[in-house]
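Notes for the one structure printed next.
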Amino acid sequence: MHSVKSKPQSASRFMTPGVDGFGFQDHPDAFSPEQAKAWIIPFGFEKTVSYGGGTHRGPAMAIRASHEVEMFDEYTWDEPFYDYGVATFREPEIPQDHQAALDMLTAYVQETVDAGKFPLTIGGEHSITPGAIKPLVEKYPNLTILQFDAHGDLRDEFRGDKLSHANAMRRCLDNPDVNLVAVGIRSISRDEIPYWEENQSRIKTFFAKDKRSWTPEQIAEAVGTGPVYITFDIDAFDSSLMPATGTPEPGGLFWDDALDILEAVTKRAQIVGADVVELAPHEAHHACDYITAKLIYKILTMSLAKGC
């Protein structure tokens, strides 16, 4: 990755509740960036999608849907949102040059990490993840990525592009100290198999076809207790639950499957950041916007509530 030469200015770049009225789970008693424990980074970069498009609208529609998500959480039996709080960046004008876009996102995450806040990026396509994790790789040795996904994303290149959404995890694993636990995989190419087989010490895969035989606790054990970054491609969900994504795959996870895994992992591990990607909003499937928003809230709550 290229070095980042400048950092975004923080205060003026946040949405102002009551003025913008469009921050994640915006509410009358909103948090200032200084008060909030989590900073939301909307980053609708879309360049390499290979089937259905529209991920550039994912952040805006997930944020809009978040206004309908109840604050009360049945897992904690409380409203932990009011303990940790979020502040939401205004979505920037994203460069079309792929590397420049990744560098911009890295700068936003770096600012968030430097401020001692939890970074959560809303994509956009999955190719953004290597940019999002860069500050966390530098801060946390032996970072583990917990990948929820239908696809392996382990190609070295796809259609001549090394920064494609199909290369996202391969580019993350270019960092030698990063390990990967992938959950829900059910679509992988022949080109990915040699790399996958050669790196079994760094990659643990829980295939969707085997979901009746593995447990959330086994996944949590594979993830471990160290620093963890969650990347959740929403096509990890079964296509009947999540049709509004670029490549909806049958045979995937359902809501309770994902929540049980997140609960088991976040009870053990130190979650240091996350992204949720690949929502491609469709007017006939507004439920998908809401599911994505509620998923983000659950990731935030499970990751942060224990530290509030």
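The values are calculated or read from the model by the stated rules, or taken from the named source; none is laboratory data. Please read these numbers as outputs of a predicted model, since none were measured by experiment. We place every Cβ from the backbone using ideal geometry, glycine too, and count neighbours over all the protein chains shown.
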Q) So, of the residues in segment 3-46 that are over 18 Å from Thr106 (Cβ atoms), among the hydrophobic types (A, V, I, L, M, F, W, C) and modelled with pLDDT under 70, which turns out to be surrounded by the fewest Cβ atoms within 10 Å (Cβ to Cβ)? A) Val19
(Q) What pairs come out if I take residues in segment 279-294 that are touching a residue at least 24 places away in the same chain (Cβ under 8 Å) and pair them with residues that are among the polar types (S, T, N, Q) and part of a helix (DSSP H, G or I) whose C-beta lies under 7 Å away, six or more apart or interchain? (A) Leu279/Thr55; Leu279/Thr292; Ala280/Thr55; Ala293/Ser66
Q. Can you pull out the residues in segment 275-308 that are of a type in the set (D, E, K, R), farther than 17 Å from Asp238 by Cα and in a helix (DSSP H, G or I)?
A. Lys298, Lys306
**Q.** Subset tally (residues that are among the polar types (S, T, N, Q) and within 20 Å of Gly54 (Cβ to Cβ)) for segment 266-308
**A.** 1
Q | Among the candidates Ala244, Ala305, residue that is buried (at least 24 other Cβ atoms within 10 Å of the Cβ) and modelled with pLDDT under 95 | A | Ala244
Q) So is Phe237 over 22 Å from Thr106 (Cβ atoms), surrounded by fewer than 19 Cβ atoms within 10 Å (Cβ to Cβ) and in contact with a Leu (Cβ under 8 Å, 6 or more places away or on another chain) or not? A) no
Q) All but one of (1) out of contact with any Pro (no Cβ under 8 Å at 6 or more places or on another chain); (2) modelled with pLDDT of 95 or more; (3) over 22 Å from Val49 (Cβ atoms); (4) not in a loop (DSSP other than H, G, I, E, B) hold for Asp83; which doesn't? A) (2)
Q | Residues located in segment 158-186, provided they are in contact (Cβ under 8 Å) with a residue 60 or more places away in the chain and assigned to a loop (DSSP other than H, G, I, E, B) | A | Arg159, Leu163, Ser164, Arg186
Q.
Given the options Arg57, Arg90, name the one that is over 28 Å from Gly116 (Cα atoms) and either among the charged types (D, E, K, R) or out of contact with any Gly (no Cβ under 8 Å at 6 or more places or on another chain) (or both).
A. Arg57
Q) Since Lys117 meets every condition but one in (1) closer than 26 Å to Leu259 by Cα; (2) at pLDDT below 95; (3) among the charged types (D, E, K, R), which condition does it not meet? A) (2)
Q: Considering only segment 195-214, state which residues are outside any strand (DSSP E or B) and touching a residue at least 40 places away in the same chain (Cβ under 8 Å).
A: Tyr195, Trp196, Ala208, Lys209, Lys211
